[in-house]
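Asker: The structure under discussion is supplied below as structure tokens; questions concerning it will follow.
The values are calculated or read from the model by the stated rules, or taken from the named source; none is laboratory data. These figures come from a predicted structure and were not determined experimentally. With ideal geometry, Cβ positions are generated from the backbone for all residues, glycine too; neighbour counts draw on all protein chains shown.
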Amino acid sequence: MKNVTLEIDGRTVEAGEGTTLLKAAQSVGIRIPTLCNDDRLEPYGGCRMCMVEIETSWGRKRLVASCVYPVEEGLRVQTNTERVRRIRRMIIELLWPSSQVYAEEYGVTGSRFEPGLTDCSLCGLCLRYCTEIKKENRIYFEGRGIERRPALVEGSELTCRACGECFTLCGSGWIASRC
Amino acid sequence: MSRIETPADLARLRDQAVARRNSRGTWVAVCAGTGCRAYGAEALAESLEKEVEKRGLGKKIGVRKTGCHGFCERGPLVVVQPSDVCYLGAQPKNVPAIVDKLEGKDAALDKLLYVDAENGKPLARLDEIPFYKHQQRVVLGDNVHIDASDILDYIAVGGYAALAKALSGMTPEEVLQEVKEAKLRGRGGGGFPAGRKWETTRKAPGEPKYVIVNADEGDPGAYMDRSILEGNPHGVLEGLILGAYAIGAGEGFIYVRQEYPLAREHAQKALDQAREYGLLGENILGSGFSFDVKIHRGAGAFVSGESSALMSAIEGHVGEPRPKYIHTSEKGVWGKPSCLNNVETWANVPHIINRGAEWFTGMGTEGSKGTKIFSLVGKVNNTGLVEVPMGITLRDIIFKIGGGVPGGKKFKAVQTGGPSGGVIPESMLDLPVDFDELTRVGSMMGSGGMIVMDENTCMVDTARYYMSFLAHESCGKCVPCREGTRQMLRILDRIVAGEGKEEDLAVLEELGDFMEDASLCALGQSAPFPVLSTLKYFRGEYEEHIREKRCRAGVCTPLIAYDIDQETCGKCGACLRACPVAAVDQSADKVFTILQEKCIKCGACFTACPEKFSAVIKVPAYAIGKPSAGNPPPAGKQV
């Protein structure tokens, strides 16, 4: 595979073509916060915690989700600017009280908003794991928009192999409390 | 009927189709678009057919059910050809008189003619009526001339000539070049140059390639694409085949939303007929080019109009956007290069190939060429579909074509671009309408919805309506869109209920910026626009709701109360009879009052009060001794 060279937080990084920015950053020890990412699963791009600022070699600046954006030759990436920190703080506030893992790091101690519909952050880790790794398809999202919530496929209580592997993936405890 | 093997076959078939049309001297085109159907157009057409038959005129006069003519406010619409005399609001009872007139007899039909608002004179011909006169109907123009379920009608008016021209005399590169030179931009919202999109798909590695029609039109109040697909499905199909030829695609899809049954029916019929005549399938017109199309029925989600979500849906998955830093034009359906354009974009293509890029770029502005169809709705006299050259001003559309605001009310704003667009205030009415200008002022072209609002429209309530729509139509996958719309909606709900807080506006703006920056797809990125644009141009209204607990438009029910003006009250008792909860009290000397503690603010009394009295009025809730907690209102303010 061809390698491309880019710059992350001022450091020169080499990564194989098709690698995501998140993985390229991790490869040199730069940590980017994530809520819906799991290396065993397909990138999802739902939580938006991993947003970073990029500038292309032709000078275009934008915000992208590093878990899905592929590396590019000459790209300049900044993973911890005030702008992305502001986005991350807002995400933590909006998901409050679930998903508090990064609260301390980002100085969030509470939220201006009332909680959403469920205590689940809808990161999709459990259902993606059940679908992609276990090939069981026992969990799905019901409804859309602000009505979206996790649900067990009818009869799953009986057919779920109860491997419990999704319990440990869940940051909010939703799945363990239902199974 | 036989398969058309060559362009010469097509020309012969066209001659036959024209001869068939010309065998009758007069045609009566009855609009059978969705709006006119609701007005009873089908019964009208049937009644016309029977009357013509009864009088033995079947060989002279033909009746044709066509697609939408556009002037929906005044349906059912009837246009007599070739004279182009236009009857508005025609009913089956008018049929004998209409047929009398067609026979050359005297008939009193003035009531069905358009009356000039300025001098009261009737205007008979389509091209005299201001609503049509100021339009430039390139894409919609054929609607009035063809029966959508008959391919020969389309062929008679020149249909598939562009395809024959391209397949017999142009290389795919030349077709692509023509579209690029025409500077056609996508009509679905973003305004991305169609030629460049086609080229990306053409050059992208991977086979097969797909071309797709996006007919998932979902903006509230918008029905342009619906009317094109219902009224002229072959026009869209011809554009799609031309695109497939230019791009090198062998298969196409028409993604039609579930809620458009007639569009789906007509599109399916068009595909069947085109296949029968050999205009779809193997070796089209003997050119060696093969292409076929399937219809995919949407399952009723607004977000499925987003390209990656639409393609997920075609694959059989839930219609949810995917993170796409690689465009769907390179990796779309099943990871193959897929070129998606909306209905109106495809429908423009045959015209460009027929008349050339130079003709097309002769219309419009520097950055936006050609025409654009808008659905002009809301508080405007002439509701309907209008097609205008790019660059026309909003004022011309709303006042010259739309006939202004009804009931002598004052114009307040126009909302363009659907839920992702924004509102434009009166001070910007002279804005030339094109992709870049609308974006510059904080709205967007979108697919072409244009909702006119008058002084009785509350801008906070309008923003709340759009936010509610988006919060429920978001797919819910990413946090900024799902949680952002949720919290914005909660704040707006509070403000319209009179419970807004001073800091709410700053929080709305902060959430808006965040959603624009961080959302996964364009739906979430643009979801805050209705709120941000009303905040920008009508901030005062928000502040009145929050600080004074006052809704100047009298829309937000928690902030208003109904009262009876004793000076103008005619003592007719209409309000008392209309009230469903017995909240109107009548004293012995016939003084009517509203019992506020019983009133549910349904507005029935307000509607029932005769206009000559207009005694039932809306007043601020606080004005009748019900000030909202914690914020005593300033005295003497009127709604």
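Asker: Every residue in the range B:572-592 that is surrounded by 15 or more Cβ atoms within 10 Å (Cβ to Cβ) and of a type outside the set (A, V, I, L, M), please. Explain how you work it out, then say what you get.
Answerer: Our first condition is that a residue be surrounded by 15 or more Cβ atoms within 10 Å (Cβ to Cβ); within the range B:572-592, this holds for B:572, B:574-576, B:578-579, B:583-584, B:592.
Of everything in the range B:572-592, those that are surrounded by 15 or more Cβ atoms within 10 Å (Cβ to Cβ) and of a type outside the set (A, V, I, L, M) turn out to be B:Cys572, B:Cys575, B:Cys579, B:Phe592.
Asker: Does B:Glu541 meet the test of being among the charged types (D, E, K, R), out of contact with any strand residue (DSSP E or B) (no Cβ under 8 Å at 6 or more places or on another chain), away from every other protein chain (no Cβ under 14 Å) and in contact (Cβ under 8 Å) with a residue 12 or more places away in the chain?
Answerer: It is true that B:Glu541 is among the charged types (D, E, K, R), out of contact with any strand residue (DSSP E or B) (no Cβ under 8 Å at 6 or more places or on another chain), away from every other protein chain (no Cβ under 14 Å) and in contact (Cβ under 8 Å) with a residue 12 or more places away in the chain.
Asker: Look at the range B:363-388 and say how many of its residues are over 26 Å from B:Ile155 (Cα atoms) and in contact with a strand residue (DSSP E or B) (Cβ under 9 Å, 6 or more places away or on another chain). Break it down stepwise before answering.
Answerer: Kept after step one, since they are over 26 Å from B:Ile155 (Cα atoms), are these residues of the range B:363-388: B:364-369, B:374-384.
Next cut, in contact with a strand residue (DSSP E or B) (Cβ under 9 Å, 6 or more places away or on another chain) only: B:364-365, B:367-369, B:374-380, B:382-384.
Adding up the residues that qualify gives 15.
Asker: On to the next question. Does A:Gly59 meet the test of being of a type outside the set (A, V, I, L, M) and touching a residue at least 60 places away in the same chain (Cβ under 8 Å)?
Answerer: In short, no.
Asker: Related question: Pick out the one residue from B:Tyr87, B:Tyr39 that is surrounded by fewer than 22 Cβ atoms within 10 Å (Cβ to Cβ) and under 30 Å from B:Glu259 (Cα atoms).
Answerer: Being surrounded by fewer than 22 Cβ atoms within 10 Å (Cβ to Cβ) and under 30 Å from B:Glu259 (Cα atoms) holds for just one of B:Tyr87, B:Tyr39, which is B:Tyr39.
Asker: Here's something else I'd like to know. Collect the residues in the range B:501-522 that are assigned to a helix (DSSP H, G or I) and farther than 18 Å from A:Ile87 by Cβ, keeping them in residue-number order.
Answerer: B:Asp504, B:Leu505 - these are the residues of the range B:501-522 that are assigned to a helix (DSSP H, G or I) and farther than 18 Å from A:Ile87 by Cβ.
Asker: Right, another one. For residues in the range B:267-305 being β-branched (Val, Ile, Thr) and more than 25 Å from B:Lys165 (Cβ to Cβ), which is nearest to the other protein chains (Cβ to nearest Cβ)?
Answerer: Filtering the range B:267-305 for residues that are β-branched (Val, Ile, Thr) and more than 25 Å from B:Lys165 (Cβ to Cβ), the one nearest to the other protein chains (Cβ to nearest Cβ) comes out as B:Val303.
Asker: Can you tell me which residues in the range B:109-147 are under 13 Å from B:Phe71 (Cα atoms) and of a type in the set (Asp, Glu)?
Answerer: B:Asp127
Asker: Here is a follow-up. Which of the residues that make up the range A:105-138 are under 21 Å from B:Ala309 (Cβ atoms) and β-branched (Val, Ile, Thr)?
Answerer: So the first thing to find is which residues in the range A:105-138 are under 21 Å from B:Ala309 (Cβ atoms), and the list is A:122-124, A:127-128, A:131-132, A:137.
Hit for the range A:105-138 is A:Thr131, nothing else.
Asker: Kindly provide the set of residues from the range A:82-118 that are without any contact (Cβ under 8 Å) to a residue 12 or more places away in the chain and within 9 Å of another protein chain (Cβ to nearest Cβ), ordered by number.
Answerer: Answer for the range A:82-118, where residues must be without any contact (Cβ under 8 Å) to a residue 12 or more places away in the chain and within 9 Å of another protein chain (Cβ to nearest Cβ): A:Arg86, A:Met90, A:Glu114.
Asker: While we're here: Tally up the residues in the range B:286-317 that are in contact (Cβ under 8 Å) with a residue 60 or more places away in the chain and out of contact with any Pro (no Cβ under 6 Å at 6 or more places or on another chain), please. Walk me through it before giving the result.
Answerer: In the first step, residues of the range B:286-317 are kept if they are in contact (Cβ under 8 Å) with a residue 60 or more places away in the chain; the result is B:286-287, B:289, B:298, B:301-311, B:314.
Now narrow it down to the ones that are out of contact with any Pro (no Cβ under 6 Å at 6 or more places or on another chain): B:286-287, B:289, B:298, B:301-305, B:307, B:310-311, B:314.
Count: 13.
Table: residues versus (1) among the charged types (D, E, K, R); (2) not in a helix (DSSP H, G or I).
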residue	(1), (2)
B:Asp493	yes, no
B:Glu499	yes, yes
B:Glu544	yes, no
B:Pro558	no, no
B:Lys571	yes, yes
B:Thr593	no, yes
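Asker: Which ones in the range B:531-545 are out of contact with any Ser or Thr (no Cβ under 7 Å at 6 or more places or on another chain), under 29 Å from B:Lys477 (Cβ atoms) and not charged (D, E, K, R)?
Answerer: Within the range B:531-545, B:Val531, B:Leu532, B:Leu535 meet the criteria.
Asker: Related question: Return the residue satisfying two criteria in turn: it lies in the range B:102-114 and is more than 21 Å from B:Arg21 (Cβ to Cβ) and surrounded by 14 or more Cβ atoms within 10 Å (Cβ to Cβ), and of such residues it is modelled with the lowest pLDDT.
Answerer: This residue is B:Ala107.
Asker: Take the residues in the range A:143-168 that are at pLDDT below 90 and crowded, with 20+ Cβ neighbours inside 10 Å, then tell me which one is farthest from the other protein chains (Cβ to nearest Cβ). Break it down stepwise before answering.
Answerer: Start the filter on the range A:143-168 by keeping residues that are at pLDDT below 90, which leaves A:150-168.
Going one step further and asking which of them are crowded, with 20+ Cβ neighbours inside 10 Å, we end up with A:150, A:166.
Values: A:Pro150: 11, A:Cys166: 19 Å.
Selected residue: A:Cys166.
Asker: Name the one entry in B:Ala299, B:Ala309, B:Ala347 that is in the same structural domain as B:Pro261 (by TED's automatic domain parsing) and within 22 Å of B:Ile241 (Cβ to Cβ). Steps first, answer last, please.
Answerer: Numbers: B:Ala299 fails: within 22 Å of B:Ile241 (Cβ to Cβ); B:Ala309 fails: within 22 Å of B:Ile241 (Cβ to Cβ).
Only one candidate passes the filter, namely B:Ala347.
Asker: Of the conditions (1) more than 11 Å from every other protein chain (Cβ to nearest Cβ); (2) in contact (Cβ under 8 Å) with a residue 40 or more places away in the chain; (3) over 20 Å from B:Asp513 (Cα atoms); (4) surrounded by fewer than 22 Cβ atoms within 10 Å (Cβ to Cβ), A:Thr79 clears all except one; give me its number.
Answerer: For A:Thr79, the failing item is (3).
Asker: Please work out which residue is surrounded by the most Cβ atoms within 10 Å (Cβ to Cβ), limiting yourself to the range B:451-479 and to residues that are over 16 Å from B:Pro419 (Cβ atoms) and facing chain A (nearest Cβ under 10 Å).
Answerer: B:Val479
Asker: Next question. Can you find, within the range B:407-435, the residue that is surrounded by the most Cβ atoms within 10 Å (Cβ to Cβ) among those that are within 18 Å of the chain's Cα centre (by Cα) and in a helix (DSSP H, G or I)?
Answerer: If we take residues in the range B:407-435 being within 18 Å of the chain's Cα centre (by Cα) and in a helix (DSSP H, G or I), then B:Gly418 is surrounded by the most Cβ atoms within 10 Å (Cβ to Cβ).
Asker: Right, something else. Give all pairs with beta carbons closer than 6 Å in which a residue from the range B:499-511 that is without any contact (Cβ under 8 Å) to a residue 40 or more places away in the chain meets a residue that is among the acidic types (Asp, Glu); count only pairs at least 6 apart in sequence or on separate chains.
Answerer: Between residues of the range B:499-511 that are without any contact (Cβ under 8 Å) to a residue 40 or more places away in the chain and residues that are among the acidic types (Asp, Glu), there is no close pair.
Asker: Could we say that B:Cys86 is free of Cβ contacts under 8 Å to residues at least 60 places away in the same chain and either under 16 Å from B:Gly35 (Cβ atoms) or in contact with a His (Cβ under 7 Å, 6 or more places away or on another chain) (or both) here?
Answerer: Criteria met by B:Cys86.
Asker: Still on this structure, I have one more. If a residue must be of a type in the set (Lys, Arg) and assigned to a loop (DSSP other than H, G, I, E, B), how many such residues does the range B:156-208 contain? Outline the logic, then answer.
Answerer: Going through the range B:156-208, the residues of a type in the set (Lys, Arg) turn out to be B:165, B:180, B:183, B:185, B:187, B:196-197, B:202-203.
Checking the rest, the ones that are also assigned to a loop (DSSP other than H, G, I, E, B) come to B:183, B:187.
Number of matching residues: 2.
Asker: Okay, next question. Please go through the range B:485-526 and give me each residue that is at the interface with chain A (Cβ under 7 Å from one of its Cβ atoms), over 19 Å from B:Gly417 (Cβ atoms) and either in contact with a Gly (Cβ under 8 Å, 6 or more places away or on another chain) or buried (at least 18 other Cβ atoms within 10 Å of the Cβ) (or both), ordered by number.
Answerer: Passing the criteria: B:Arg486, B:Gln487, B:Phe514, B:Asp517, B:Ala518, B:Leu520.
Asker: Now, a different point. So which residues in the range B:15-65 are under 21 Å from B:Leu140 (Cβ atoms), in a loop (DSSP other than H, G, I, E, B) and touching a helix residue (DSSP H, G or I) at 6+ places or on another chain (Cβ under 7 Å)?
Answerer: Within the range B:15-65, B:Ala32, B:Gly33 meet the criteria.
Asker: Does the range A:127-142 hold any residues that are within 13 Å of another protein chain (Cβ to nearest Cβ) and surrounded by 14 or more Cβ atoms within 10 Å (Cβ to Cβ), and which are they?
Answerer: A:Leu127, A:Arg128, A:Thr131, A:Tyr140, A:Phe141
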